[in-house]
Amino acid sequence: MAEIDTSQGGGGKKKGPKKVSTKVDMTPIVDLAFLLITFFMLTTTFNSPKIMQVLMPDKTEKDPKKRDQAQGDCTIIVLGDKNNQLYWYQVKKDKQPELQPLAYSNDKIREFFSSKKKEILAKGDCSQFIVVLKFKDDASYKNMVDLLDEMAIVGVSRYGIQDIEKDDIKLIDEYKKTASK
Amino acid sequence: MGKIKIPRKNPSMDMTAMADMAFLLLTFFILTAQFKPETPIEVDAPSSTSNKEETEKVVKITVDTAGKVFFGIKEPKKREEILRGVAKHKGISGKLTDDDYKEFAGRENFGVDVKDLPKILQKKALNASAYKALGVKVGIPMDSANNQLGLWILYANKVYEIERAERREAMDEKTKAIIAKTSSEGLSPEEKKIWENEQKNNLKVVIFGDQRSQFKVIKQVLDVLQDRKVYRVHLVTNLRESAGGAATNENKKDTKK
């Protein structure tokens with residue numbers, strides 16, 4: 001391929017033993033080698049699993065100060081229901097929480113959390129913005145990862161996953177009832 | 001007048017150098033390539049924007065949509081040690097031969113009751129369908145009466161704890177103070193390096209869950225981990241291409257329905 005043999009074109013004027021070229025055509029080897037390189041390059045770079053860190057609370061923590069940090073006005077509680085339904089409410093002392101729906105789309109969630117973060121930190125009596133995520137059993141795992149991801153993007157300094165309580169499920173049910181009326 | 005003879009030249013190119021280089025690169029890529037480990041069950045990970053890479057010292061819990069759990073230890077050297085611990089605890093050491101241990105050290109994942117482990121090791125069953133063919137129940141039991149997943153975590157932690165203690169011994173007081181911090185904030189670049197290195201060397205518990213699975217499936221695993229005092233959990237995710245990705249698309253799909 002890369003070598004064009006022109007030695008025979010001059011006619012048979014020369015006599016004597018025919019000279020045989022000792023060169024080996026390397027082109028196919030190079031072709032093959034590059035093909036394999038491409039293959040290995042593609043398989044290596046596309047295959048690095050990524051991980052995302054989540055901190056879970058200590059269930060055996062007895063010190064109430066440490067355990068109940070997510071109390072008071074600084075906390076937003078997000079509830080996840082099935083079919084990508086999200087709700088949120090803010091914890092207020094001695095007040096029935098008001099459940100509100102949260103549209104499940106990245107932009108909306110991000111906007112919501114960044115505005116809430118600003119609002120809560122601006123009040124001044126909160127040292128940090130806390131978000132507690134609670135999911136019903138039939139919520140999807142994808143929702144959980146999506147929400148955790150948004151926390152990291154928005155820069156919520158404290159967030160965690162907690163078991164959903166009966167009161168929370170009741171709130172969702174009540175909300176659904178009033179919404180369907 | 002005689003014609004000027006132009007010497008005929010062979011228009012060939014020496015490919016040897018090129019072939020050399022190509023093979024050099026090829027060797028490099030073959031040696032550094034890490035193939036996707038064979039997963040015993042189909043799992044479709046959710047995506048996130050986190051770009052932290054998985055490290056070497058990882059215990060991976062694979063969970064499928066039905067809540068079947070597989071356990072994997074990434075470092076081959078540690079696998080045998082962990083199995084010895086669990087087998088002793090469960091009193092089945094006698095049933096496992098040296099060949100079984102060797103076979104176990106060679107596989108990254110498994111997901112059966114410890115009692116069935118000798119069977120699948122001897123028959124070299126690698127994935128869920130092979131387990132089923134042998135009549136073995138797929139998935140590691142993790143109910144409160146027979147919490148084997150917790151047991152595996154416990155022994156994995158023990159084995160890595162020994163390694164960690166050895167590493168600690170070799171350190172001076174200053175480095176010990178650095179690695180005791182909970183975050184790398186406020187450290188100088190060199191100190192940060194030490195801290196990050198220590199983080200890399202710590203055992204990480206990673207959950208590889210399917211994005212279609214329900215939350216309760218993952219919660220079961222999280223509960224087991226919490227009981228075992230593992231509070232720092234990692235989730236395997238695919239890298240999301242654009243920041244406005246999956247959730248928005250999902251929403252569009254739903255409104256179409």
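The values are calculated or read from the model by the stated rules, or taken from the named source; none is laboratory data. These numbers come from a predicted model, not from an experiment. Here the Cβ positions follow ideal geometry from the backbone for every residue, glycine too, while neighbour counts run over all protein chains shown.
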### Message
Against the conditions (1) over 22 Å from residue B:220 (Cβ atoms); (2) exposed (fewer than 12 other Cβ atoms within 10 Å of the Cβ); (3) without any contact (Cβ under 8 Å) to a residue 24 or more places away in the chain, where does residue A:103 fall short? Just the number, please.
### Response
(2)
## Note on the structure
Scanning the range A:91-122 residue by residue, those touching a helix residue (DSSP H, G or I) at 6+ places or on another chain (Cβ under 8 Å), farther than 17 Å from residue A:144 by Cβ and assigned to a strand (DSSP E or B) turn out to be A:101
### Message
Quick check on my filter: what residues within the range A:153-168 are assigned to a helix (DSSP H, G or I), within 20 Å of residue A:90 (Cα to Cα) and either in contact with a helix residue (DSSP H, G or I) (Cβ under 8 Å, 6 or more places away or on another chain) or at pLDDT 85 or above (or both)?
### Response
A:154
### Task
Output the qualifying pairs, or none if there are none: Cβ atoms under 8 angstrom, residues six or more apart or on different chains, first residue in the range B:222-234 and closer than 18 Å to residue A:164 by Cα, second residue small (Gly, Ala, Ser).
B:224/B:150; B:227/B:150
### Task
Mind listing whichever residues of the range A:127-181 are over 21 Å from residue A:117 (Cβ atoms), in contact (Cβ under 8 Å) with a residue 40 or more places away in the chain, surrounded by 14 or more Cβ atoms within 10 Å (Cβ to Cβ) and more than 11 Å from chain B (Cβ to nearest Cβ)?
A:168, A:171, A:172, A:175
### Message
With the structure loaded, tell me whether residue B:30 is part of a helix (DSSP H, G or I), closer than 21 Å to residue B:108 by Cα and facing chain A (nearest Cβ under 8 Å) or whether it fails that test.
### Response
yes
### Message
Given the condition free of Cβ contacts under 8 Å to residues at least 12 places away in the same chain, within 25 Å of residue B:74 (Cβ to Cβ) and more than 14 Å from every other protein chain (Cβ to nearest Cβ), answer yes or no: does some residue in the range B:197-213 qualify?
### Response
yes
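Do we have residue B:57 as under 21 Å from residue B:204 (Cβ atoms) and loosely packed, with under 12 Cβ neighbours inside 10 Å here?
Working: under 21 Å from residue B:204 (Cβ atoms): yes; loosely packed, with under 12 Cβ neighbours inside 10 Å: no.
For residue B:57, the condition - under 21 Å from residue B:204 (Cβ atoms) and loosely packed, with under 12 Cβ neighbours inside 10 Å - is not met.
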### Answer residue from the range B:33-50, given it is surrounded by fewer than 17 Cβ atoms within 10 Å (Cβ to Cβ) and facing another protein chain (nearest Cβ under 9 Å) and is modelled with the highest pLDDT among those
B:33
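Based on this model, can you work out whether residue B:70 counts as in a strand (DSSP E or B), of a type outside the set (Lys, Arg), crowded, with 16+ Cβ neighbours inside 10 Å and touching a helix residue (DSSP H, G or I) at 6+ places or on another chain (Cβ under 9 Å)?
Yes.
Among the residues of the range A:44-62, is there at least one that is assigned to a helix (DSSP H, G or I) and either at the interface with another protein chain (Cβ under 7 Å from one of its Cβ atoms) or at pLDDT 80 or above (or both)? Reasoning before the result, please.
Start the filter on the range A:44-62 by keeping residues that are assigned to a helix (DSSP H, G or I), which leaves A:44-45.
Going one step further and asking which of them are either at the interface with another protein chain (Cβ under 7 Å from one of its Cβ atoms) or at pLDDT 80 or above (or both), we end up with A:44.
So far as the range A:44-62 goes, yes, one or more of its residues are assigned to a helix (DSSP H, G or I) and either at the interface with another protein chain (Cβ under 7 Å from one of its Cβ atoms) or at pLDDT 80 or above (or both).
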### Query
Can you name the residue in the range B:162-198 that is of a type in the set (Val, Ile, Thr) and more than 20 Å from residue B:55 (Cα to Cα) and, of all such residues, is surrounded by the most Cβ atoms within 10 Å (Cβ to Cβ)?
B:178
